[in-house]
Amino acid sequence: MEALPVANLQAVKESNRNKVFRLLFAQGPLSRVELARRAGLSPTTVSSLVAELLAERVVAETGPREARGSGRRPTMLEVSADGRVLAAVGVDASGLSAALLDLRFRPLAARTTSVADFAALGDALADAVAGLLAEAGRDAAALLGICLGVPALLDAENGRILASTVLMLPEGTDAVGRLRERFPGTPVHLENDSALKAYAEQVFGPRGDARSLVYLDVGAGVGAGIILDGRRFTGAYGHAGEIGHMTVDPHGPLCRCGNRGCLEAMAALPALSRAVAGDGTDGPPAEALLQAYRAGDPRVRAVADEGARILARGIDNLVALINPQVVVLGGEAAGFGPDFLAAVRAALRPLALGAGRDRVELRFSEIPGDPVALGGARVVLDRAFGA
Ligand SMILES: [Zn+2]
């Protein structure tokens with residue numbers, strides 16, 4: 001009978017600690033008295049929780065609020081700007097982009113590293129995080145957590161990459177082991193990169209009120225991140241949003257996944273480049289393809305606009321299934337520019353049953369900065385203090 005109440009007390013205490021932090025995050029600066037009132041906790045409880053949060057360097061005391069009248073001026077509390085830090089690393093076919101942010105999501109350091117040998121990915125990840133810490137003048141103890149975003153099917157619980165048509169890593173690759181060895185005691189989270197981009201769009205984008213949003217991530221592959229009912233939706237086993245392997249033409253080209261006519265095999269940038277070349281070779285690199293489209297190259301326009309029509313078919317399916325308020329077209333394909341977005345929009349079917357397609361807002365991402373870094377940093381904060 002003794003152990004259970006202690007465990008319950010711990011859970012209650014942790015939940016109260018998270019509540020106090022989240023109040024300061026959303027509404028700070030606040031005094032201890034205001035915190036107690038808004039949290040519905042006693043002043044004594046709040047004082048002891050605040051003492052812990054101060055010791056953890058996630059909360060800081062700031063100057064007293066301007067005096068109103070002649071009353072005593074309380075010390076104000078806010079989320080610390082120079083204490084703990086959030087690290088996020090996105091991996092793609094060319095390498096990795098790592099960022100270090102403070103607890104208010106302001107960038108402290110960022111770096112992009114090419115990775116020649118993905119077998120040594122773990123070391124490259126750990127080196128990138130260590131480099132960011134050095135650049136920002138922080139030590140490893142300042143890390144609140146690290147979030148890794150990869151274009152892959154994941155076993156997030158065990159930190160493993162199950163399959164990726166972009167990275168082509170062996171099944172079961174341990175993605176986080178080296179990070180955990182190099183940064184012992186620091187939580188390391190593994191997420192699908194498109195899911196992080198969707199989350200960043202919801203949290204930091206212009207439609208923070210969007211209850212349902214799909215981020216269609218078109219680059220070396222095609223993926224989607226899904227927000228459903230205001231929450232990240234990753235499916236029963238974390239694999240939701242694998243729209244790249246939805247069949248759009250059963251007689252289409254062979255996909256790297258082994259099936260034919262997948263959306264990714266027909267509309268991802270490598271597929272478009274191959275179609276531009278037309279001779280079985282790889283064709284132009286992504287950046288040259290995007291640039292030629294923007295410059296109005298007629299062959300590239302014809303190929304990419306056909307890609308836009310195929311993407312629209314994928315979006316039609318998503319809209320029918322999820323009925324999102326917002327579909328964000330993101331990833332490298334956003335580099336095609338507004339004409340490409342217009343081509344996708346023009347190819348969307350009017351939905352049957354009167355659910356007008358014009359109610360779905362289709363647009364490019366509008367958040368400033370790297371969406372994997374922002375989404376990943378937010379996941380670190382959520383895991384530390386409850387979502
Ligand atoms: Zn496929």
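The values are calculated or read from the model by the stated rules, or taken from the named source; none is laboratory data. None of these values were measured; they are calculated from a predicted model. So basically every Cβ, Gly included, is an ideal-geometry build from the backbone, and we count neighbours across all protein chains shown.
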Cβ-Cβ under 7 Å pairs, at least 6 apart or on other chains, the range 258-270 side near the ligand (Cβ under 7 Å from one of its atoms), far side of a type outside the set (Phe, Trp, Tyr) and assigned to a loop (DSSP other than H, G, I, E, B): CYS262/MET246; CYS262/CYS255; GLU264/THR165; GLU264/GLY221; GLU264/CYS255; ALA265/GLY252; ALA265/PRO253; ALA265/CYS255
Only one of LEU154, LEU162 is within 16 Å of the ligand (Cβ to nearest atom) and modelled with pLDDT under 90. Can you tell me which? LEU162
Based on what the data block shows, is VAL188 of a type in the set (A, V, I, L, M), at pLDDT 95 or above and over 12 Å from the mean Cα position of the chain (by Cα)? yes
Which residues, taken from the range 19-35, are surrounded by fewer than 16 Cβ atoms within 10 Å (Cβ to Cβ) and closer than 17 Å to ARG383 by Cα? ALA26
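Are any of the residues in the range 241-249 surrounded by fewer than 17 Cβ atoms within 10 Å (Cβ to Cβ), more than 9 Å from the ligand (Cβ to nearest atom) and not basic (Lys, Arg)? Give the steps one after another, and end with the answer.
At the first step, the residues of the range 241-249 found to be surrounded by fewer than 17 Cβ atoms within 10 Å (Cβ to Cβ) are 247, 249.
Of the ones still in play, those that are also more than 9 Å from the ligand (Cβ to nearest atom) are 249.
Narrowing further to those that are not basic (Lys, Arg): 249.
Yes, there is a match, as at least one residue in the range 241-249 is surrounded by fewer than 17 Cβ atoms within 10 Å (Cβ to Cβ), more than 9 Å from the ligand (Cβ to nearest atom) and not basic (Lys, Arg).
Would you pick out the residues in the range 95-109 that are more than 25 Å from VAL59 (Cβ to Cβ) and either under 16 Å from the mean Cα position of the chain (by Cα) or assigned to a loop (DSSP other than H, G, I, E, B) (or both)?
First pass over the range 95-109, keeping only residues more than 25 Å from VAL59 (Cβ to Cβ): 95-98.
Of everything in the range 95-109, those that are more than 25 Å from VAL59 (Cβ to Cβ) and either under 16 Å from the mean Cα position of the chain (by Cα) or assigned to a loop (DSSP other than H, G, I, E, B) (or both) turn out to be LEU96, SER97, ALA98.
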Does ARG104 count as touching a residue at least 12 places away in the same chain (Cβ under 8 Å), within 26 Å of PHE204 (Cα to Cα) and of a type in the set (Lys, Arg)? yes
Go through (1) more than 14 Å from the ligand (Cβ to nearest atom); (2) closer than 21 Å to MET168 by Cβ; (3) of a type in the set (Gly, Ala, Ser); (4) without any contact (Cβ under 8 Å) to a residue 60 or more places away in the chain for GLY252 and report which single condition fails. (1)
Conditions first: (1) at pLDDT 95 or above; (2) surrounded by fewer than 23 Cβ atoms within 10 Å (Cβ to Cβ); (3) within 30 Å of PRO170 (Cβ to Cβ); (4) more than 16 Å from the ligand (Cβ to nearest atom). ALA295 passes all but one, so which condition is the exception? (3)
Taking the range 165-179 as the search range and keeping residues that are buried (at least 18 other Cβ atoms within 10 Å of the Cβ) and modelled with pLDDT of 85 or more, which one is nearest to the ligand (Cβ to nearest atom)? THR173
If you check ARG256 against the conditions, is it surrounded by 15 or more Cβ atoms within 10 Å (Cβ to Cβ), basic (Lys, Arg), outside the structural domain of LEU381 (by TED's automatic domain parsing) and out of contact with any Cys (no Cβ under 6 Å at 6 or more places or on another chain)? yes
Please verify whether ALA288 is more than 16 Å from the ligand (Cβ to nearest atom), within 17 Å of ALA342 (Cα to Cα) and free of Cβ contacts under 8 Å to residues at least 40 places away in the same chain, treating the condition exactly as stated. no
